[in-house]
1. Given the conditions (1) over 22 Å from the mean Cα position of the chain (by Cα); (2) surrounded by fewer than 19 Cβ atoms within 10 Å (Cβ to Cβ), report the number of the one that T91 does not fulfil.
2. Select, from A75, A22, the only residue that is part of a helix (DSSP H, G or I), open to solvent by 30 Å² or more (accessible area, probe 1.4 Å) and among the small types (G, A, S).
3. Give the stretch 31-52 a look and list any residue that's in contact with a strand residue (DSSP E or B) (Cβ under 6 Å, 6 or more places away or on another chain) and without any contact (Cβ under 8 Å) to a residue 40 or more places away in the chain, or say none.
4. Looking at (1) among the hydrophobic types (A, V, I, L, M, F, W, C); (2) under 28 Å from the mean Cα position of the chain (by Cα); (3) in a helix (DSSP H, G or I), which one does A112 not meet, given that it meets all the others?
5. Looking at (1) modelled with pLDDT under 95; (2) closer than 14 Å to I279 by Cα, find the lone condition where L220 falls short.
6. Identify, by number, the condition in (1) surrounded by fewer than 18 Cβ atoms within 10 Å (Cβ to Cβ); (2) in contact (Cβ under 8 Å) with a residue 40 or more places away in the chain; (3) among the polar types (S, T, N, Q) that T331 doesn't meet.
7. Among the polar types (S, T, N, Q), over 28 Å from P299 (Cα atoms), without any contact (Cβ under 8 Å) to a residue 24 or more places away in the chain and out of contact with any Asp or Glu (no Cβ under 9 Å at 6 or more places or on another chain): does that describe S55?
8. Take the residues of the stretch 25-36 that are modelled with pLDDT under 90 and open to solvent by 60 Å² or more (accessible area, probe 1.4 Å): which is farthest from D97 (Cα to Cα)?
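The values are calculated or read from the model by the stated rules, or taken from the named source; none is laboratory data. From a predicted model like this one, the values you see are computed outputs, not experimental measurements. Here Cβ is always computed from backbone atoms with ideal geometry, including for glycine, and neighbour counts include all displayed protein chains. These area figures cover heavy atoms from the full protein model, side chains too; ligands, DNA and RNA do not enter into them. Shrake-Rupley method; radii C 1.70, N 1.55, O 1.52, S 1.80 Å.
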Amino acid sequence: MGQKNFVLDTNVLIENPKCITALRNGVENNVHLPYTVITELDKLKRDPRIGHIVSQAVRSILKDDKISILSPEFAEKLGSLSPDDRILKETLNASIDDPILVTNDRILQIKAGIHNLTWEEYKDSDPFRSDSQMYTGFVDEGETPYVNSFRWENGAPVFYGSKENKTISYTHEVWGVKPRNIYQNLALELMLNNEINLVSIQSEAGYGKTFLALASALYLALEKKDNPFDKVYLVKPIWEIGAKMGFLPGSVEEKMQPYVRYVRDLTVKLHEQRPANRIFMDTDSEKFRFNQKKFEILPIAYIRGMNLENCVVIIDEMQNMSRSEVRSLLTRMGEGVKCICLGDTRQVDNPYLNESNNGLNWVVKKLRNNKEYAHMVLKGERSRGPITDLVLKTGL
């Protein structure tokens, strides 16, 4: 095929710091780096959310003594152009034979096309089209079931576990919560299964995944006797505030409140259905402050370096986490942990990720058919209320 000349965008390095080695493919291809990418990495290294990933990318650059960094003198003449436009102009100006711009930024892809510059998505970042949506937790009749999956047989869902197969003919009731449809019931089946340590739930907003996860967590940590769980953690990526979180007043819990108020509201709703006094500091207060010995909400940056044991961990909005962040987070899980991952790959807010390249999707892709893991797509008509039902039913 001949030697290729790849020029990397920042987002590719952030998604996979090892992309330089992969693209070089031994000595087959050349890898070039616009100077603007270096300056962007310098700004991003202070971001508490992705600073550790930036450090990995910088180490990859330092280890590769053959990488070519484009002229800083030319980059400095570009003035106040946007980073995308600077990267584009640096690539077009460089004396590189048939450069291929590697970027997952769709706007930059459009701009490259306008200038007749060849571009490619980083293939390791887009290896499939949303497995978390395509694999619903069910397999078709006649297909060999994955471990911990379901198959419709004679009009009823049959669970194919690692130790036994069983027809789910019963309905769960957890912390006063009754499932509104068969899929919610099957999600509870997975969350409460002692043989499954890691569960992921995919759905659009409105199908009740957070409510079901919180109900299951309260049941496991406060009621069920034969388990090791004594605390609930809720972990959330806070992309929209990023480094600004440090400037917000108050404790970590107080800083998180604007972004996790729905968690408190849902937990209070569960408490009203069935008292959960131990997870609150003062149940007479309108604030319902959480007792951090029993229930703690944390941004993902606070989990790195911790060793979590004997607890239930709910990871919310996993679609806004990168593959590296998910790996970092899940390797914090020690003995006696039940982890419930929630998300919707159609609602990705992180600009470095997309519908198929995100933490939730990577979990489904890599862990499916493992005896300690299960996945479920929630669907159905009844959800939050009639307006939400109408929106979901009509596909607005």
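1. Just one mismatch for T91, condition (2).
2. A22
3. Matches in the stretch 31-52: V31, L33.
4. Of the numbered conditions (1) among the hydrophobic types (A, V, I, L, M, F, W, C); (2) under 28 Å from the mean Cα position of the chain (by Cα); (3) in a helix (DSSP H, G or I), the odd one out for A112 is (2).
5. So L220 meets the others, but not (1).
6. Result: T331 fails condition (2) only.
7. The answer is no for S55.
8. Among those that are modelled with pLDDT under 90 and open to solvent by 60 Å² or more (accessible area, probe 1.4 Å), it is N25.
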